1. Only residues that are touching a residue at least 60 places away in the same chain (Cβ under 8 Å), more than 23 Å from HIS23 (Cβ to Cβ) and not small (Gly, Ala, Ser): list them for the range 49-82, please.
2. Limited to the range 62-76, what total is found for residues that are of a type in the set (A, V, I, L, M, F, W, C) and touching a Leu at 6+ places or on another chain (Cβ under 8 Å)?
3. How do the pairs read when you match residues in the range 13-41 that are of a type in the set (Asp, Glu) with residues anywhere that are assigned to a strand (DSSP E or B) and buried (at least 16 other Cβ atoms within 10 Å of the Cβ), using Cβ under 7 Å and keeping only pairs 6 or more apart or on different chains?
4. Any chance you could count how many residues in the range 29-56 are under 18 Å from LEU68 (Cα atoms) and surrounded by fewer than 22 Cβ atoms within 10 Å (Cβ to Cβ)?
5. Could you run through the range 74-93 and say how many residues are under 9 Å from the mean Cα position of the chain (by Cα) and surrounded by fewer than 17 Cβ atoms within 10 Å (Cβ to Cβ)?
6. Does the range 35-52 contain any residue that is closer than 30 Å to ARG138 by Cα, basic (Lys, Arg) and in a helix (DSSP H, G or I)?
7. Residue check, GLY10 against (1) on the phi < 0 side of the Ramachandran plot; (2) surrounded by fewer than 19 Cβ atoms within 10 Å (Cβ to Cβ); (3) in contact with a strand residue (DSSP E or B) (Cβ under 9 Å, 6 or more places away or on another chain), all met but one. Which one?
8. From (1) within 28 Å of LEU145 (Cα to Cα); (2) in contact with a Leu (Cβ under 7 Å, 6 or more places away or on another chain), pick out the condition that doesn't hold for VAL45.
Amino acid sequence: MIEFLPECQGNVVAVRASGQLTHEDYEQFRPRVEEAQRRHGSVRVLMELDDFHGWTVGAAWDDLKLGLAHLGQFERCAIVGDRAWERWMVALGKPFFDVEFFDRSQAAQAREWLRRPTLPGTPVGRPWLEDLAGMVRRHPVAAVLIGLGLLALVAEAGRHRGLRSFPT
């Protein structure tokens, strides 16, 4: 379930995610992200994970499509949680965009980091993402297949590490 938080202002989309995210949750989340990106050119996301159990297959697909469609437009993402696998998932995203994991006790620091201004001329995302974004736009089917393969590898790695509640 997704609940929108009061911090949703300007280019910030703030949510509390609990339980298992579904396609219906992304049907609410995606328009908010896209509207912030359309109005401001980029978006910052605050996601508080509260008793979070990952994604349904449909929601994982929606997440992948949203990320691929908007490569280089996520300015910052602050993830607040309390589980090792959540921290691990955030670490996987670091090569692709500016994302930080904050323990639940650091929620105030997460909000401060999210609001912190970027230096003028600082590119959103990672410079090599523009090339990747162009490839995704030219070859969307191949990009989705590669993304699904990576998702399967991540899920398999999680199973080998004994993560029972690893997102699916």
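1. Within the range 49-82, just GLU75 meets the criteria.
2. Residues that pass the stated criteria total 2.
3. Correct list of pairs: ASP25/ILE2.
4. Total meeting the criteria: 10.
5. 1
6. Yes, that holds for at least one residue.
7. (1) is the only condition that GLY10 fails.
8. In the conditions (1) within 28 Å of LEU145 (Cα to Cα); (2) in contact with a Leu (Cβ under 7 Å, 6 or more places away or on another chain), VAL45 misses (2) alone.
Throughout, read-outs are computed from the coordinates displayed, never taken from laboratory work. Because the structure is a prediction, the values reported are computed rather than measured. Don't worry about glycine lacking a Cβ; one is built from the backbone with ideal geometry, like all the others, and counts go over all protein chains shown.
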